[in-house]
Amino acid sequence: MYAEIRDTAGELAGILWREHTVYRERGGGVVIRGEHVRRWISLAPTGGKDRALLRAGRILDGGTTAPARTEVVVDLTAGTAELAAVCRGLLADVAAMAEPAPAPDRGGRAGKRERPERRARAPRSGRPRKERHTGAASWFVMICVAAVLGAWLYSLFGGRGY
C-alpha cells in the first residue's frame, strides 16, 4: 500500500507544484510540501483497499506545519487528474481559511471617529521614567495601619516602664 501511495504522491507533486518536497510520515503516509506556496498535502492509508486519507494544511513561519485544515477520503484508483482536482479544492479551502476575516461592523453613528491611542512621552533626561506603584490612598492606609499597630503595642507595653 505504501508503494502505491508513494507513486501517487510523486505524480501529484509534479502536477500541483514545480517546486516540492516529498517525504514519508511516521504513520506510513506521504507528505508533499510546497514551500513557495506555504501549503502541504498528505496521503495516508485508511485501512481500506485502494483508499487514502487526503489532508491539506499550511506551513507556518519557521517551516513547521500547522494541523490539517481539511481532509477527505479518496479512491486511489481514480486518475491522477481527478486526485489533483481534489487536492486543488482542498488547497483552495486552506487558503480561504488562512486569510483574516473582515472586521465586523461596530454600528453606532456613521461619522463617529475613535480617538487614537496615546503614547507615553519619553523623559527629557534620556533616562527611563520610574513608574509610581504606590498611590496616595495606599500610603494613607499603610500609615493608619502603622498607627493602630503602634497604639496597640503602646497599650500593651507603654505604661509599665520597661
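Test of understanding: among ALA95, ALA101, which residue is at pLDDT below 80 and either open to solvent by less than 90 Å² (accessible area, probe 1.4 Å) or in contact with a strand residue (DSSP E or B) (Cβ under 8 Å, 6 or more places away or on another chain) (or both)?
It is ALA101.
Contact list please: Cβ distance under 7 Å, first residue in region 53-69 and in contact (Cβ under 8 Å) with a residue 40 or more places away in the chain, second residue of a type outside the set (A, V, I, L, M) and not in a loop (DSSP other than H, G, I, E, B), pairs at least six apart or on different chains.
Qualifying pairs under 7 Å: ARG58/ARG39.
Output the residues belonging to region 27-39 that are under 23 Å from the mean Cα position of the chain (by Cα), open to solvent by less than 10 Å² (accessible area, probe 1.4 Å) and hydrophobic (A, V, I, L, M, F, W, C).
Hits for region 27-39 are VAL31, ILE32.
Being open to solvent by 30 Å² or more (accessible area, probe 1.4 Å), modelled with pLDDT under 85 and within 13 Å of TYR2 (Cα to Cα) is true for just one of ARG51, ARG24, ARG69. Which residue is that?
Of ARG51, ARG24, ARG69, the one residue that is open to solvent by 30 Å² or more (accessible area, probe 1.4 Å), modelled with pLDDT under 85 and within 13 Å of TYR2 (Cα to Cα) is ARG24.
I need every pair where a residue in region 33-52 that is on the phi > 0 side of the Ramachandran plot and of a type in the set (Asp, Glu) has its Cβ under 6 Å from the Cβ of a residue that is modelled with pLDDT of 80 or more and not in a strand (DSSP E or B), sequence separation at least 6 or different chains.
Taking only residues 6 or more apart or on different chains, the pairs are ASP50/LEU76; ASP50/THR77.
The values are calculated or read from the model by the stated rules, or taken from the named source; none is laboratory data. This one's a predicted model, so the numbers in the text were calculated from it and none came from an experiment. For neighbour counting, all protein chains shown are included, and Cβ atoms are generated from backbone atoms with ideal geometry for every residue, glycine included. SASA here: full protein model, heavy atoms, side chains in, ligands and nucleic acids out. Shrake-Rupley method; radii C 1.70, N 1.55, O 1.52, S 1.80 Å.
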